[in-house]
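K.L.:
After the structure tokens below, expect a handful of questions from me.
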Amino acid sequence: MKENGVQAVVNLQTDRDIRKYNPNHDEILLKYQHEGIDYIHIPTKEQSTDSLVMGCIQASKTIHKLISESKVIYFYMKVL
């Protein structure tokens with residue numbers, strides 16, 4: 001990802017979805033750390049309106065901060 005200019009990763013998956021869809025998640029986190037990529041995890045349940053609203057609010061604040069720092073951002077969301 002670093003070679004594509006990514007400086008921050010925002011992951012909106014729940015812990016359950018991470019375990020289900022990203023079996024190599026721990027290895028990926030180590031790679032991000034090694035490459036100096038910021039990793040922000042904002043677990044958001046799509047089936048829960050409250051969780052979705054709160055997750056979107058938190059994500060928008062985080063994204064705003066990262067953009068104000070001129071960072072290139074990559075997003076992880078649930079895979080359907």
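K.L.:
Along the stretch 56-68, what does the Karplus equation 6.51 cos²θ - 1.76 cosθ + 1.60 (θ = phi - 60°) give for ³J(HN,Hα), rounded to whole Hz, x for Gly and Pro?
P.N.:
5, 5, 5, 5, 5, 5, 5, 4, 4, 4, 5, 5, 5
K.L.:
Amide H to amide H, which residues 5 or more places from residue 45 or on other chains are under 5 Å from it, using H placed in the peptide plane?
P.N.:
52
K.L.:
Just to confirm a number: summing +1 for Lys and Arg and -1 for Asp and Glu over residues other than residue 53 whose beta-carbon lies under 12 angstrom from that of residue 53, what do you get?
P.N.:
Every neighbour counted, the sum reads -1.
K.L.:
Quick one: pull the percent of accessible area on the chain belonging to carbon and sulfur, 1.4 Å probe, ligands and nucleic acids left out.
P.N.:
Of all accessible area on the chain, carbon and sulfur atoms account for 56 percent.
K.L.:
Let me ask something additional. Quick check for you: with a 1.4 Å probe and neighbouring chains kept, what is the accessible area per residue of the chain, in Å²?
P.N.:
That works out to 70 Å² per residue.
K.L.:
Take every Cα-Cα distance within the stretch 37-80, group them into 5 Å bins from 0 onward, and report for each bin the whole-number percent of pairs it holds.
P.N.:
It works out to 5, 21, 28, 24, 14, 7, 1, in whole percents.
K.L.:
Taking a temperature of 37 °C and a viscosity of 0.692 mPa s, what whole-number D in µm²/s does Stokes-Einstein yield for the chain with Rh from Kirkwood over alpha carbon pairs?
P.N.:
249 µm²/s
K.L.:
Sequence gap at least 6, Cα distance under 8 Å: using those rules, report the relative contact order of the chain to the nearest whole percent.
P.N.:
Across the chain, relative contact order equals 49 percent.
K.L.:
Work out the charge dipole of the chain with +1 on the Cβ of Lys and Arg and -1 on the Cβ of Asp and Glu about the Cα centre, then indicate which of 1, 76, 30 is farthest towards its positive end.
P.N.:
The residue sitting farthest along the positive end of the dipole is 76.
K.L.:
Another one. Which of 2/71; 31/61; 31/71 have a Cα-Cα distance over 21 Å?
P.N.:
31/61
K.L.:
Also: When Lys and Arg each count +1 and Asp and Glu each count -1, what net charge do the other residues less than 15 Å away from residue 63, Cβ to Cβ, add up to?
P.N.:
Summing Lys/Arg as +1 and Asp/Glu as -1 gives +1.
K.L.:
Determine the dipole magnitude for the stretch 1-76: charges of +1 sit on the beta-carbon of Lys and Arg, -1 on that of Asp and Glu, nothing else is charged, the reference point is the Cα centre, and the result goes in debye to the nearest 20.
P.N.:
100 debye
K.L.:
Could I ask something else about it? Using only DSSP helix segments of four residues or longer, with each worth -39500 (n - 2.57), what per-residue ellipticity at 222 nm results for the chain after dividing by its residue count and rounding to 500?
P.N.:
-15000 deg cm²/dmol
K.L.:
For a quick check: with amide H placed at 1.01 Å from N, whose amide H comes under 5 Å from residue 22's, ignoring anything fewer than 5 positions away on the same chain?
P.N.:
For residue 22, whose amide H was placed from the backbone, there are no distant partners under 5 Å.
The values are calculated or read from the model by the stated rules, or taken from the named source; none is laboratory data. What you are looking at is a predicted structure, and each value in this text was computed from that prediction instead of being measured. Ideal geometry is used to build each Cβ from the backbone, glycine not excepted, and the neighbour counts take in all protein chains shown. When the accessible area is computed, the model is the full protein with side chains, heavy atoms only, and any ligands, DNA or RNA have been set aside. Shrake-Rupley method; radii C 1.70, N 1.55, O 1.52, S 1.80 Å.
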